[in-house]
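No value in this document is a laboratory result; all are computed from the given coordinates. Keep in mind the model is a prediction, meaning the values are calculated, not measured. No Cβ is skipped: glycine too gets one built from the backbone with ideal geometry, and neighbour counts run over all protein chains shown.
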Amino acid sequence: MNVNGHNYYVPVSSYSKNQQDVILIKDKKTSQILGSLRFAYMLPIPAECCKKVDINTFDSKAIVHISKELAFCRRNRDKIFKQAEKTYNRVINKVDEMLVKNSCDFKTLEKACQKFCEYHNLGKEQKQQTESKKKTNNKTDKR
């Protein structure tokens, strides 16, 4: 998901305590807690550094578990995106001192991510596409 112009990824955890910046992943049929999304620990990661995982390479028990977690995330996509933005803003704006102490430093991670991308020449194609769209929109707006 895009937060502040960066692709952020939220870790899935076995943590099961309900907190303001955590979404508990629950089984649709049984409401059993399967895991959680911990937004205080989300990381900006360049798209080029991510790869899809074939869950069919796991054992059958893990496939069932991961499939349920994935289904939950798909059903709750909007809620997850909103929570990511909310947590990001609460941390950046230092709304809750305890949350800030127990969260990743998003701005520092963004700078490190940017340096990594520059060093490895990543993200240039995506930036060029964005700039091209802006130019096209500006030409359309001027007419």
Contact order relative to length for region 2-142, counting C-alpha pairs under 8 Å separated by 6 or more residues, stands in percent at 24 percent
Could you list Ser31, Ser67, Ser36 so that the one with the fewest beta carbons within 10 Å of its beta carbon is first and the one with the most is last?
Ser31, Ser67, Ser36
Using a simple spin-label model with points 7 Å from Cα along the Cα→Cβ vector, what separation in nm is obtained for Ala71 and Ile55?
0.9 nm
Non-local amide H neighbours of Ile23 (under 5 Å, H modeled in plane, Pro and chain starts lacking H): which ones?
Leu37, Phe39
How about region 20-116: which trypsin sites (Lys or Arg not before Pro) there are in a DSSP loop, with at most 14 other Cβ atoms within 10 Å of their Cβ?
Lys28, Lys29, Lys51, Lys52, Lys94
Estimated FRET transfer efficiency when R0 is 22 angstrom, pair Asp27-Asp78 (beta carbons, to 0.05):
0.65
Please list, in order along region 74-86, the HN-Hα scalar couplings obtained from phi with the Karplus expression 6.51 cos²θ - 1.76 cosθ + 1.60 (θ = phi - 60°), rounded to whole Hz, x for Gly and Pro.
5, 5, 10, 3, 4, 4, 5, 4, 5, 5, 4, 5, 4
Nitroxide proxy distance, nm - points 7 Å out along Cα→Cβ at Val95 and Lys115
3.0 nm
Which of (i) 11.7; (ii) 10.4; (iii) 7.9 gives mean projected area of the Cα convex hull in nm² as computed here? It is (i)
